[in-house]
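A quick write-up on the structure given underneath.
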Amino acid sequence: MATRMRFRKWYTMGQTLTRAAQWTSVSEGGRGRLEFSPVNEALINSTIKYVEGFSSKHPAETAIVFKSPLQWKTTLEPSTFGSGYEISDDSVTSKAKDKNDQPLLTLRKLGELNYDIKVYCFNQLSNVLKIAGDMKMREARSILEANPDPTAKMLGDGFATIEGEDNSTLRLLEQTKKESGDEGDELESKLRLLLLIQQFDMQLMNQSLKHISQEVRLTPQQINSEVALLKRYCGADSGSVLEKISFTTDYVFDNGCRAPPWRQVHGDICCLNILPLDGEELSVTANTAGVYINKGIEGESNDQSYERVGDIYKDLVALLKTKSPKFAEIIESKEFELKEDQKEEHFEASDDEIDGDMTERGFEEKKEDKKTEKISKQTTKRKKCATVARTNATLNWKNEEMNRQSREKKDKDKKERSEKRLSRQTIDRKQKTPALLEDEFYSDSSSESEEEEDTPDRRQEQNSDLPSEYWQIQKLVKYLKGGNQTATIIALCAMRDFNLGQETCQLAIRDVGGLEVLINLLETGEIKCMIGSLKILKEISKNTQIRKAIADLGGLQTMVDILKSSSKDLKCLAAETIANVAKFRRARRTVRQHGGIKKLVSLLDCAPLGSMPMTDEFEKDVEVARCGALALWSCSKSTRNKLAIRKAGGIPLLARLLKSPHEDMLIPVVGSLQECASEASYRLAIRTEGMIEDLVKNLNTENQELQMHCASAIFKCAEEKETRDLVRFYGGLDPLVVLLNNSDNKELLAAATGAIWKCAMSSENVERFQELKAIEMLVALLNDQPEEVLVNVVGALGECAAQEPSNRSVIRKTNGIPSLVNLLTGTNQALLVNVTKAVGACATEQDNMGIIDRLDGVRLLWSLLKNQNPEVQASAAWAICPCIENAKDAGEMVRSFVGGLELIVSLLKSDNKEVLASVCAAIANIAKDEENLAVITDHGVVPMLAKLASTTDDRLRQHLADAIARCCMWGNNRVAFGENGAVAPLVRYLKSPDSTVHRATADALFQLSRDPDNCITMHESGVVKLLVGMVGSDDQELQVAAAGCIRNIRRLALANEKARYSKT
Amino acid sequence: MISVRHRQQVQQQDAELLLRMKQTHFSEDECKALVNKFKFMTKDNKVARQDKLDRSQFHEVLQSTFKMTDDMIMDRLMRAFDKDSDSCVNLSEWIIGLSVFLRGSEEEQVKFCFEVYDLNGDGFISKEEMFHLLKNSLVKQPNEEDPDEGVRELVDISIKKMDIDRDGRISLQDFQAAVKEESLLLEAFGQCLPAPELAIAFVEKAFSVPDHRGRYNQLY
């Protein structure tokens, strides 16, 4: 599309309308023009009518003088103006004047048929339109284009259209109150004017809404509901409209789309195969822009071709109507008249749903800043319009179908529920702005994804063949409902004989209403019934759909209450069931909000193991603690729950349970700990409570799951140096390396390599790893591993190579470099960050560099500068530095990258400090080659560096000063730096506490001081005193540079004096 | 002379009782309190029935303190307590019965429950007995054709679940095995054991019974 919908301020009249007008893109520069579209035409028409009628309807308001005139270029000739105007050759002024004797209309000639016109009141405005006659349309359009926000002009800037709430009326009202007399009267009529305008705005909005709603883009939900609707009318019988309709793929992505990702980029939602009653099978693509026929599966290759054939339609029904005459015929005959009331009911419901959800989400995502919220709300609003329109289009049809089927309550419920789900999904999706996504990523350390919340609800079709279990379970549930305690228990026991791990049974229990009864039983207080019920719930809650259903029925609240029961059996079962249910976020939140975390933590409180003989009683206590830990493990996947566990005093209790010798106990305890270790406070506690020792001890167990959790806990905790030292102290490095042999269990491998990576951040640990020959083992793991493992392996290698030079040659000798360079072509961002780091570390050795160069590694690194992720950019730029330093003929190599230098210079526009620092460092290296320096100078490196000079970040300062020093070597760059104001800020760097900054700065100043103007600037900035201090430094390089700079300044002064003396 | 013989008899009884008490799950103090309570409950009885709880008194205890309502089960409990089948519960039967009833080990309680459910005392719980025990356990649906169909279904379910040797009736061995497998089945055919908190409350309440200054106190 050449033009886009633009939501911009237009025409005072406010919020809504503003967004309705369609503007051509203004990003190309210049003023926006109103797009030539039916919507805009309608808008302008109504505006003209309104303005023309204004003076007769509201005589008082028409006379109000605008704050500033509406000004635009007109094609009206002076001669066309009639009486009431003073007309000369190239100008027109109105006879009507304001208080200050200023004419209310002026027209000036700019050129041939080109006049500039200013209008001060509505009266004149309507006159102009009358005069314009046939040209009205054109005139009105140019008025609106030239004055995108007329209210601001009429009433002052205070009334400009603001996105968000509009207080202008209130403001004006207040002003009216404050001032009295003549001025007050004037303001009063102004107020009236404003109100009139707003009223008109509403009118326009309503009118244009219809247009807008038709043009909104399709969403996966719409497609899904439409397909679902059509599916009901598929088949060979007389009532059907289609033979068959189906999605080409069953897999649904998180965003609701079914099209493969590379097609989603183009806006594709899904592909459909539709077989109409007449004609051939159609292969249809649903795109956000509409639906169209695609080329379908081509020939023998079985490949789907996505190319569009023919027109785009706004929905499937529209498409099918044109493609299949029979479809059109049947559909037409099916149309019933709309039932107003039903429609309204439907919308209200969905409205409530959205609002309710919004507030709930708002509560949940407090971090989200207001701005995004507002935007998302607006989009919601917009989308809502879309839904309205869309349902409008197909609703009559739905009604018909409702009439046809007997309206069973159950059926209705089902529909409502799916609707509810749908709207929630939409909201979810809308909320997921990129920033938010990141947020979620970090806030939920959960190793499990949340996707299960979106798993499709597979309900048993009424008519399909039901397994015999279904009927038996239905009977048992009947006894549960209508039996006394004894019958209930027999029924519960019988129910347990079914294979509750099987999905048919699980869903059967739900579908016959068994869940409600089971949860109800939990509130009876009959311990035996509660135990029986929980035993079943515990089993079936392993199913994701059952989990959701239990949470929906309020089962979590009841179970949390049971946690304080006096029966230990009950407590255990309730905790275990909570552990199963709390696998998704909403459930975890419910547990927390009902005080479940505190109660679960208190379950952990059993006497220290070994402190008393193992009696039955005590064994039960331990079992309770185990179940508590299990539930906390599930709950600890939410950040707030982690906090709540800590607040409830869970950490010391977990630390105590960590001493347990039983794996059953250790797994949930370590699991919770590793989950929580994403929080700094936990990491500190794990260290200070002495848990590292136990974690290390448990690395040696036989149980792989336990080993995995321990390694993963160490992985997260070893961010801190003290922890790394402790791991070494307790001998944890050896078992970690041993775990590397375990290449079958990828999860374990990922955790172990992660722990090694983090531990390798301490050089003492690297030494130990060397002794254990860990580097060789890690290099061996570089091939054929899943990404989670690779990220950690490469990270570990990078750390080892960076800290201990001899490791670099080990990596080379074990043939690790080709694998590393190969990984540079990957797409995983975390992996790329680590790989670039590792390659950079290896490149510091000449021999390694030779291999990297041969494999074209530098080019790969360079291409990563184009990556979207600033972290990848930065670490690629860092890696480039040693490459240039150590490559043979580096200058030639760099030049060979087409567009490479331009790319790296352009990165100086980044706003990420790390990227800037790394790019400066790279530029400092590039500038060593004179020819390259000339090229980057041409690309404008000097002013860009100068612009950064005002930074206060020491790391950036150091590399920036380096880069400046190097870049001074070419042409008149020195002078250019001075002209761009880089010198004075540089002097301030000398006050930084960082000595590396001093050295680089002194060097830069020395280079710059060869230009006399710079010397003067430096001197004025008080550089001499600072430099004199530096001359006394221990650092020789710094001494030399400082002294050199002082010499240059001094020389200038001497020359100056000499010149003065020679004059006199 | 009579009084001497009576005294000797009583002393012998006391000695026996003391021996029995040692075998219960109660501590001495608890025994004392329970004996005291028994005396308190029977203090107004006629001479002939002195020191014995009759059916109505026994029912009264079960109803008021253990919230039991099913007359049939209560009669069966009475029979289980009443070892000498004289339709009354004497002191020693009271203490021993309560020991199992309130604190019995799993094995004891399984036996106890089985006795309760085995209506005719032939060592088996037959289908008819089950039907009898369960016949009131379902709410009768007015529109159902055969109101007993549900009960028969329940009996079938129970047989299927508990009749391990498949002889169409439940023996003690069957019952023990089934309960071992699923402890909830202990009271499969009606509540015949007290809820744990009521059991605890009962013993505690026995302590608060006004001290009956009888010779039993001198036992200790």
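Checking the conditions here, which among A:558, A:590, A:577, A:544 is in contact with a Lys or Arg (Cβ under 7 Å, 6 or more places away or on another chain) and of a type in the set (Ser, Thr, Tyr)? Quick ask: steps written out before the conclusion?
Values: A:558 fails: in contact with a Lys or Arg (Cβ under 7 Å, 6 or more places away or on another chain); A:590 fails: in contact with a Lys or Arg (Cβ under 7 Å, 6 or more places away or on another chain); A:544 fails: in contact with a Lys or Arg (Cβ under 7 Å, 6 or more places away or on another chain).
Going through A:558, A:590, A:577, A:544 in turn, the sole match is A:577.
Listed residues A:839, A:791, A:821, A:833; which is aliphatic (A, V, I, L, M), in a helix (DSSP H, G or I), more than 16 Å from residue A:737 (Cα to Cα) and touching an Asp or Glu at 6+ places or on another chain (Cβ under 7 Å)? Show your work before the answer.
Numbers: A:839 fails: touching an Asp or Glu at 6+ places or on another chain (Cβ under 7 Å); A:791 fails: touching an Asp or Glu at 6+ places or on another chain (Cβ under 7 Å); A:821 fails: touching an Asp or Glu at 6+ places or on another chain (Cβ under 7 Å).
One residue alone meets the criteria, A:833.
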**Prompt:** Has segment A:560-570 got at least one residue that is part of a helix (DSSP H, G or I) and closer than 25 Å to residue A:504 by Cα?
**Reply:** no
**Request:** Please indicate, with yes or no, whether at least one residue in segment B:168-180 is of a type in the set (A, V, I, L, M, F, W, C), surrounded by fewer than 17 Cβ atoms within 10 Å (Cβ to Cβ), within 18 Å of the chain's Cα centre (by Cα) and farther than 21 Å from residue A:569 by Cβ.
**Result:** yes
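Report whether or not residue A:151 is part of a loop (DSSP other than H, G, I, E, B), within 25 Å of residue A:193 (Cα to Cα) and at pLDDT below 75. Spell out the reasoning first.
Details: part of a loop (DSSP other than H, G, I, E, B): no; within 25 Å of residue A:193 (Cα to Cα): yes; at pLDDT below 75: yes.
No.
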**Message:** Of all residues being more than 38 Å from the chain's Cα centre (by Cα) and part of a helix (DSSP H, G or I) in segment A:798-807, which is nearest to residue A:775 (Cα to Cα)? Just the residue, please.
**Reply:** A:807
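The rows are residues; the columns are (1) more than 30 Å from residue A:938 (Cβ to Cβ); (2) touching a Pro at 6+ places or on another chain (Cβ under 8 Å); (3) among the hydroxyl-bearing types (Ser, Thr, Tyr).
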residue: A:972; (1), (2), (3): no, no, no
residue: A:992; (1), (2), (3): yes, no, yes
residue: A:1005; (1), (2), (3): no, no, no
residue: A:1009; (1), (2), (3): no, no, yes
residue: A:1012; (1), (2), (3): no, no, no
residue: A:1043; (1), (2), (3): yes, no, no
residue: A:1046; (1), (2), (3): yes, no, no
**Message:** Condition first: out of contact with any Asp or Glu (no Cβ under 8 Å at 6 or more places or on another chain) and within 15 Å of residue A:318 (Cα to Cα). Can you find one or more residues in segment A:231-243 that meet it?
**Reply:** yes
**Request:** Sort out which residues of segment A:715-747 are touching a Leu at 6+ places or on another chain (Cβ under 6 Å) and either of a type in the set (A, V, I, L, M) or part of a helix (DSSP H, G or I) (or both), and write them in order of number.
**Result:** A:735, A:737
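Taking helices (runs of 4 or more DSSP H) that do not extend beyond segment B:97-170, which have at least 2 residues that are away from chain A (no Cβ under 13 Å) and on the phi < 0 side of the Ramachandran plot?
Numbers: elements: B:106-117, B:127-134, B:149-162.
By residue number, B:106-117, B:127-134.
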**Asked** What is the residue count in segment A:470-502 for residues that are more than 9 Å from chain B (Cβ to nearest Cβ) and crowded, with 16+ Cβ neighbours inside 10 Å?
**Response** 9
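Which of the residues belonging to segment B:85-125 are within 16 Å of residue B:54 (Cα to Cα), of a type in the set (Gly, Ala, Ser) and either in contact (Cβ under 8 Å) with a residue 24 or more places away in the chain or in contact with a helix residue (DSSP H, G or I) (Cβ under 6 Å, 6 or more places away or on another chain) (or both)? Please lay out each step first, then the result.
Kept after step one, since they are within 16 Å of residue B:54 (Cα to Cα), are these residues of segment B:85-125: B:85-95, B:97-98.
Adding the requirement that they be of a type in the set (Gly, Ala, Ser) leaves B:85, B:87, B:92, B:97.
Within segment B:85-125, B:87, B:92, B:97 meet the criteria.
Looking at segment A:725-740, can you tell me whether even one residue there is out of contact with any Asp or Glu (no Cβ under 8 Å at 6 or more places or on another chain) and under 23 Å from residue A:649 (Cβ atoms)? Give the derivation first.
As a first pass, look at segment A:725-740 and keep what is out of contact with any Asp or Glu (no Cβ under 8 Å at 6 or more places or on another chain): A:727, A:729, A:731-740.
Those left that are additionally under 23 Å from residue A:649 (Cβ atoms): none.
Among the residues of segment A:725-740, not one is out of contact with any Asp or Glu (no Cβ under 8 Å at 6 or more places or on another chain) and under 23 Å from residue A:649 (Cβ atoms), which makes the answer no.
Restricting attention to helices (runs of 4 or more DSSP H) lying wholly within segment A:281-368, give those where 3 or more residues are under 34 Å from the mean Cα position of the chain (by Cα), modelled with pLDDT under 55 and of a type in the set (A, V, I, L, M, F, W, C). Steps first, answer last, please.
Details: elements: A:316-323, A:325-334, A:340-364.
Output list reads A:340-364.
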**Prompt:** Is it true that some residue in segment B:56-69 is in contact with an Asp or Glu (Cβ under 7 Å, 6 or more places away or on another chain) and under 14 Å from residue B:206 (Cβ atoms)?
**Reply:** no
**Item:** residue A:879 touching a Gly at 6+ places or on another chain (Cβ under 7 Å), within 23 Å of residue A:804 (Cβ to Cβ) and small (Gly, Ala, Ser)
**Value:** yes
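One line per residue, one yes/no per condition, for (1) more than 23 Å from residue A:927 (Cα to Cα); (2) surrounded by 15 or more Cβ atoms within 10 Å (Cβ to Cβ); (3) in contact (Cβ under 8 Å) with a residue 40 or more places away in the chain:
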| position | (1), (2), (3) |
| --- | --- |
| A:968 | no, yes, yes |
| A:986 | no, yes, no |
| A:993 | yes, no, no |
| A:1014 | no, yes, yes |
| A:1027 | yes, yes, no |
| A:1032 | yes, no, no |
| A:1042 | no, yes, yes |
| A:1049 | yes, yes, yes |
**Asked** For segment A:790-804, which residues satisfy the criterion of being among the small types (Gly, Ala, Ser) and more than 15 Å from residue A:777 (Cα to Cα)?
**Response** A:802
**Item:** Every pair of residues 6+ apart whose Cβ atoms lie under 9 Å, when the first sits in segment A:858-873 and is within 17 Å of residue A:920 (Cα to Cα) while the second is small (Gly, Ala, Ser) and not in a helix (DSSP H, G or I)
**Value:** A:870/A:910; A:873/A:910
**Asked** Would you pick out the residues in segment A:512-571 that are within 14 Å of chain B (Cβ to nearest Cβ), of a type in the set (Asp, Glu) and over 40 Å from the mean Cα position of the chain (by Cα)?
**Response** A:526, A:569
**Item:** Residue satisfying all of: in segment B:180-195; more than 17 Å from residue A:530 (Cβ to Cβ) and part of a helix (DSSP H, G or I); farthest from the other protein chains (Cβ to nearest Cβ) among these
**Value:** B:180
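The values are calculated or read from the model by the stated rules, or taken from the named source; none is laboratory data. Every value quoted in this text rests on a predicted model; they were computed, and no experiment measured them. As a convention, Cβ positions derive from the backbone with ideal geometry for all residues, glycine included, and neighbour counts pool all protein chains shown.
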